[in-house]
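Each remark here refers to the structure printed beneath this line.
The values are calculated or read from the model by the stated rules, or taken from the named source; none is laboratory data. All of these numbers come straight from a predicted model, not from anything done at the bench. Please note: Cβ atoms are built from the backbone with ideal geometry, for glycine as well, and neighbour counts cover all protein chains shown.
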Amino acid sequence: MLPLQGITVVTLEHAIAAPFCTRQLADLGARVIKIERPGVGDFARGYDERVRGLSSHFVWVNRSKESLALDIKEPASAEVMDRLLEKADVLVQNLAPGAAARLGLSHGALHGRFPGLIVCDISGYGNDGPYRDKKAYDLLIQSESGFLSVTGSADEPAKAGCSIADIAAGMYAYTNILAALIERGRTGLGRHIDVSMLESMAEWMSYPMYYSFEGAPPPPRSGAAHATIYPYGPFAAGDGKTVILGLQNEREWAVFCERVLERPELAADPRFSTNSRRSAARAELRALILEVFAGLTAEQVVARLDAARIANARMNDMADLWAHPQLRARNRWVDVQSPAGRLPALLPPGIARADQAVMGGVPALGEHTGRILAELGLGVRLNGDDDVRS
């Protein structure tokens, strides 16, 4: 039996934040019923066609779910929603600000009829405050939260290469839902969860905020290098490949000089004798490191770093990640079904084997509509647009 087996989640979701949250719940055994607009569906379905004609975003965050095509703005859908929520444990939504309340799907409107229902709202800025109605997308929240101010080079900010604001909000929603399910087991009552992307990212930005406490200068943008520890970041080897390395303390600095650079005298050089001095003399120290690395391949640099037990990594691209030997050795890949055939998918972190998670298919739009409505005792009529009426 999986941890969330027997839990039913109804979700009015699109894009990444809410779908990423509910996919985690589905992974652990919850039944997740995804309500999608007939004929169109979650707009993330149309972001690209990179996975055999399917959207890379949609494939990532929507496996193991059931798709119910339903126009929730139509009066006839109210009965469908009522019957779904009678059986549901959790309602998740990341509709436009205020949309769920206008549809009568706020926690305040539902709690009297469904006291055990957990309602989780995911939004850009939260359900109140002056920014409540402001539109929010991942890049905008990366900017609003200050993330862009500390990421990139000295000359130009850079966004994260994945949707970190969406992911942060989705994971906080997921953990809060798990806590609410435990709480309901004691009290019998559901509760309201209000997760904002801004607050999720502000939590992640707390180190730079505290570093800038009471007006102190913030961490400088330093590209792929660490802003305050050195050497810690990317260095090119003689074959043109890049190795990332990181030193944490003076013992490692001495070992690095002796066994990696083979320049033991540098360990006591007053220019580099503390982290603060090394960080202040970055350009000079970087030139010394690159001079040594220029005579080595990336594999030879990594071999020296490993032998010295200095933390390091290769700067992999996506092809390298698909083929990563560690993921393969730990059997992290399984196949899941999709409208485009079987696709590889990663086991969720923390799950040891495929039988400990639901690794279900990526649903076609409206794939489960007939079955779900039949379960609810409602007749269905499908027209050419996949429109659904009770």
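Annotations
- LEU245 vs. criteria on the phi < 0 side of the Ramachandran plot and in contact with a Pro (Cβ under 9 Å, 6 or more places away or on another chain): yes
- Extreme residue, surrounded by the most Cβ atoms within 10 Å (Cβ to Cβ), among residues of the range 211-236 that are within 24 Å of the chain's Cα centre (by Cα) and more than 19 Å from ARG277 (Cβ to Cβ): ARG221
- If you filter the range 174-210 down to residues that are out of contact with any Ser or Thr (no Cβ under 8 Å at 6 or more places or on another chain), aliphatic (A, V, I, L, M) and assigned by TED's automatic domain parsing to the domain that holds SER163, you find that the one that is surrounded by the most Cβ atoms within 10 Å (Cβ to Cβ) is ILE177.
- Within the range 92-115, not a single residue is farther than 30 Å from ALA364 by Cα, among the charged types (D, E, K, R) and surrounded by 18 or more Cβ atoms within 10 Å (Cβ to Cβ).
To keep it simple, each residue is scored yes or no on (1) in contact with an Asp or Glu (Cβ under 7 Å, 6 or more places away or on another chain); (2) assigned by TED's automatic domain parsing to the domain that holds ALA236; (3) under 30 Å from VAL362 (Cα atoms).
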| position | (1), (2), (3) |
| --- | --- |
| GLU284 | no, yes, no |
| GLU291 | no, yes, no |
| LEU305 | no, yes, no |
| TRP333 | no, no, yes |
| GLN337 | no, no, yes |
| PRO344 | yes, no, yes |
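- The criterion of at least 2 residues that are touching a helix residue (DSSP H, G or I) at 6+ places or on another chain (Cβ under 7 Å) is met, among helices (runs of 4 or more DSSP H) falling completely within the range 154-217, by 164-187, 197-204.
- Members of the range 56-79 that are more than 23 Å from ALA357 (Cβ to Cβ) and surrounded by 23 or more Cβ atoms within 10 Å (Cβ to Cβ): ALA69, LEU70
- Unique match (being at pLDDT below 95, hydrophobic (A, V, I, L, M, F, W, C), in the same structural domain as LYS73 (by TED's automatic domain parsing) and part of a loop (DSSP other than H, G, I, E, B)) among LEU365, LEU378: LEU378
- Residue that is nearest to ASP306 (Cα to Cα), among those in the range 218-266 that are in a strand (DSSP E or B) and of a type outside the set (A, V, I, L, M): GLY246
- The helices (runs of 4 or more DSSP H) located wholly in the range 285-350 that include 2 or more residues which are under 23 Å from SER55 (Cβ atoms) occupy 318-322.
- Residue in the range 48-62 that is of a type in the set (Gly, Ala, Ser), within 17 Å of the chain's Cα centre (by Cα) and within 17 Å of GLN93 (Cα to Cα) present: no
- Subset of the range 252-284 [free of Cβ contacts under 8 Å to residues at least 12 places away in the same chain and under 18 Å from HIS226 (Cβ atoms)]: SER276, ARG277, ALA280, ALA281, ALA283
- So GLU49, is it acidic (Asp, Glu) and either in contact with a strand residue (DSSP E or B) (Cβ under 7 Å, 6 or more places away or on another chain) or touching a residue at least 60 places away in the same chain (Cβ under 8 Å) (or both): no
- Test result for SER273, over 30 Å from the mean Cα position of the chain (by Cα), modelled with pLDDT under 95, part of a loop (DSSP other than H, G, I, E, B) and of a type in the set (Gly, Ala, Ser): yes
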